[in-house]
Amino acid sequence: MRYFKLSDLVFVLLLGVMSGAAYAAELRVAVASNFSAPLTRIVALFEKDSGHTVQMNAGASGKLYTQIKGGAPFDVFLAADEELPKRLVREGSAQADSRFVYATGRLVLWSASEDFVDAKAAVLNQGNFSKLAIADPRLAPYGVAAQETLTKLFMWNAIQRKLVKGENITQAYQFVSTENAELGFVALSQIMLDGKVRTGSWWLVPAEMHQPLRQGAVLLTAAKDKVAAQAFLDFLKRPAVLEIMRGYGYETPHKQVK
């Protein structure tokens, strides 16, 4: 029978601890503002499951894209559209085989006041408001969707003097929630939790009023730990995670795209 010295056992245990510590990665995820609330819950599950840690950096997709191209040390990009991840792949800044649609968002016309927005959005035609908040279409896909919706309603040009534009959808939501604007086009995920709208009055914009808000995820070529980054992307497809997304009003297509 072979006997081990206590010092040998300590060494083996220490080696195991060091190996575990070396395996734990710290990921930086650039995420579109509309997805920051569900991602906070998802990250907590991922960190517990994997031992990795995640730093979230939320903002307008267009601004995050600019930061990535400028060398910001992000590992994963969760955009509010498909086009920016596709562009990063074409430019060699992201891995083509990692790209997929992680969620499809919905746009809503929302007011913090009860009974202000009706089920058919007649409030827009009545015009009894001074400010309408949207995300800046130059930076945020949800702003583009708001512009497309107002254009289909033949209101885009006429409503210009009442528009207040946030840098991202979070800022647009803040304009409305603080009543600096009576109503605004925001993400359904910002007013929904566990499948229920929390407050205010709202109109769910019909999907045909704007291009689908198919939100793309991609692994960036500059990622420090590509194995951990891919593990995070794979985690987004788990049933429990998809259930969280649906609780915030997202549809959850997650097939790999080419």
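Data table
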quantity: Estimated D of the chain in µm² per second, where Rh is the Kirkwood radius over Cα pairs and Stokes-Einstein applies at 37 °C, 0.692 mPa s; calculated: 167
quantity: Taking the chain and dividing mean pair separation by its residue count, relative contact order in percent (alpha carbons under 8 Å, at least six apart); calculated: 29
quantity: Segment residue 197-residue 231, extension gain: residue separation times 0.36 nm, minus the distance between their alpha carbons; calculated: 9.1 nm
quantity: Cα centre as origin, Lys/Arg/Asp/Glu Cβ charges: segment 80-211 dipole, Debye; calculated: 220
quantity: Viscosity 0.890 mPa s, temperature 25 °C, Stokes-Einstein D of segment 76-202 from Kirkwood C-alpha radius, µm²/s; calculated: 158
quantity: Top positive-direction residue, dipole computed over the chain with Cβ charges, set 153, 88, 65; calculated: 88
quantity: Residue 24-residue 155 FRET efficiency (beta carbon distance; Förster radius 45 Å; 0.05 resolution); calculated: 0.30
quantity: Mean Kyte hydropathy of -1.0 or more with a Cα span along the axis of at least 18 Å, helices from DSSP in the chain; calculated: 6-23, 36-50
quantity: Long pairs among 63/165; 69/162; 165/224; 131/152; 63/224; 162/196, criterion Cα-Cα beyond 26 Å; calculated: 69/162; 165/224; 162/196
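Where a number appears in this text, it was derived from the coordinates with a stated rule and is not lab data. This one's a predicted model, so the numbers in the text were calculated from it and none came from an experiment. We place every Cβ from the backbone using ideal geometry, glycine too, and count neighbours over all the protein chains shown.
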